[in-house]
1. Does the range 218-238 contain at least one residue that is among the polar types (S, T, N, Q), free of Cβ contacts under 8 Å to residues at least 60 places away in the same chain and open to solvent by 20 Å² or more (accessible area, probe 1.4 Å)?
2. Residues to consider are Leu68, Leu30, Leu72, Leu100; find the one that is of a type outside the set (Lys, Arg) and either at pLDDT below 95 or farther than 27 Å from Leu121 by Cα (or both).
3. Just wondering, is there one or more residues in the range 167-184 that are at negative phi, open to solvent by less than 50 Å² (accessible area, probe 1.4 Å) and more than 19 Å from the chain's Cα centre (by Cα)?
4. Name, by its number, the condition in (1) at pLDDT 95 or above; (2) under 22 Å from Trp127 (Cβ atoms) that does not hold for Met58.
5. Please specify each residue of the range 110-123 satisfying the condition of being surrounded by fewer than 23 Cβ atoms within 10 Å (Cβ to Cβ) and aliphatic (A, V, I, L, M).
6. With respect to the numbered conditions (1) assigned to a helix (DSSP H, G or I); (2) surrounded by 18 or more Cβ atoms within 10 Å (Cβ to Cβ); (3) within 17 Å of the chain's Cα centre (by Cα), which one is the sole condition not fulfilled by Leu133?
7. Would you call Thr254 open to solvent by 20 Å² or more (accessible area, probe 1.4 Å), within 27 Å of Met276 (Cβ to Cβ) and modelled with pLDDT under 95?
8. Could you tell me whether the range 100-109 includes any residue that is touching an Asp or Glu at 6+ places or on another chain (Cβ under 9 Å), open to solvent by 10 Å² or more (accessible area, probe 1.4 Å) and touching a residue at least 40 places away in the same chain (Cβ under 8 Å)?
Amino acid sequence: MYLFVIATLFPAPLLFLAALQGGGWVAAALLSVTVLVALLDLLVRRATPPRQETEFPMADNLSVVLALLHILLLGCCVWAMAQDHLGLTGKIGLWFAAGLYFGQVSNSNAHELIHRSSRFLHRIGMWVYISLLFGHHTSAHVLVHHRHVATPDDPNSARLGESYYHFAYRAWIGSFRAGYMAERDRLNRVGRNAWRNPYVIYLAGAALMLLLAFALGGWASLLGYLAIAGHAQSQLLLSDYVQHYGLSRRVNQTGKAEPVGTRHSWNAPHWYSSAMMLNAPRHSDHHAHPTHPYPALILPPDAPMLPRNLPIMASLALVPGLWRRVMDKRAQSWSA
């Protein structure tokens, strides 16, 4: 657990100092979520331990701390966007560093929390997503993605040959709609009023967050908030794109897809970036055991592996031609 604590919390004070002081702290915050992660993944090799059949009470404690820290840090960064001490260069640097941290750490943490059976923990994860104007992911991920992953019915599974940019547009709108319909159908089955749909909370919460952002610093803070939230959302969509690109489940003659298996998700064995993202790159095991806490996830030996760590592959996905050159043959070999 100590590795998860260090990897997820280390950039936070640097981001606070970057927002409050600017200057070299902005560069330090940015390096802590880019170059440092890449170097540690490259220079240090760690073996994957066997699954530990035990409880991880500290895992949920860290998730709650990260969620509270996220709200404070997000508010601080949004406030800083309206201040003069950063300058244009500092604000761009802070936007980039904060978007990476919220997109890779906060999103991964919220993802963990919405899978918890505890209503309290689930709602904390929901509000982290709402604070990034992505509340619908709470419903779409659990009710749609996990059920339909690697099939055409899942908006968040990237198809072979599909660029990230086309995928991001399709996935955002598609998951919003699919999540809403899944929640609507669930309410109809149990006979509850349509106003009980959590989309009411997602939209009202987003409106509240926009008002709070404006209160922190007027239009400058509001625009900065939209930019940071958009960047964080793009990191989540990049993660979905990379982790399921080109992989599909076979469909039998009756139209039913085969059970989800290890070969339907891309994984990454790199130790530090995995710790920073709470083992999100161990994606096959997560789909096989979605309620398992992140410290218990393993790397199945028969699962597809990415050639580089998840952050580097996400950057590669921004260049469609190069991405396809690296990934298409690999994906085809797993779909054969």
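The values are calculated or read from the model by the stated rules, or taken from the named source; none is laboratory data. The model shown is predicted, which means the values in this text are computed figures rather than measured ones. All Cβ positions, glycine included, derive from the backbone under ideal geometry; neighbour counts span all protein chains shown. Keep in mind that these areas ignore ligands, DNA and RNA; they rest on the heavy atoms of the full protein, side chains included. Shrake-Rupley method; radii C 1.70, N 1.55, O 1.52, S 1.80 Å.
1. Step one: filter the range 218-238 for residues among the polar types (S, T, N, Q), giving 221, 233-235.
Narrowing further to those that are free of Cβ contacts under 8 Å to residues at least 60 places away in the same chain: none.
Within the range 218-238, not a single residue is among the polar types (S, T, N, Q), free of Cβ contacts under 8 Å to residues at least 60 places away in the same chain and open to solvent by 20 Å² or more (accessible area, probe 1.4 Å).
2. Details: Leu68 fails: either at pLDDT below 95 or farther than 27 Å from Leu121 by Cα (or both); Leu72 fails: either at pLDDT below 95 or farther than 27 Å from Leu121 by Cα (or both); Leu100 fails: either at pLDDT below 95 or farther than 27 Å from Leu121 by Cα (or both).
Result of the check over Leu68, Leu30, Leu72, Leu100: Leu30.
3. Yes, the range 167-184 contains at least one residue that is at negative phi, open to solvent by less than 50 Å² (accessible area, probe 1.4 Å) and more than 19 Å from the chain's Cα centre (by Cα).
4. Here Met58 meets the rest and fails (1).
5. Hits for the range 110-123 are Ile114, Leu121.
6. Tallying (1) assigned to a helix (DSSP H, G or I); (2) surrounded by 18 or more Cβ atoms within 10 Å (Cβ to Cβ); (3) within 17 Å of the chain's Cα centre (by Cα), Leu133 fails exactly one: (1).
7. Values: open to solvent by 20 Å² or more (accessible area, probe 1.4 Å): yes; within 27 Å of Met276 (Cβ to Cβ): no; modelled with pLDDT under 95: yes.
For Thr254, the condition - open to solvent by 20 Å² or more (accessible area, probe 1.4 Å), within 27 Å of Met276 (Cβ to Cβ) and modelled with pLDDT under 95 - is not met.
8. Taking the range 100-109 as the starting set, the residues that turn out to be touching an Asp or Glu at 6+ places or on another chain (Cβ under 9 Å) are none.
Checked the range 100-109: no residue is touching an Asp or Glu at 6+ places or on another chain (Cβ under 9 Å), open to solvent by 10 Å² or more (accessible area, probe 1.4 Å) and touching a residue at least 40 places away in the same chain (Cβ under 8 Å).
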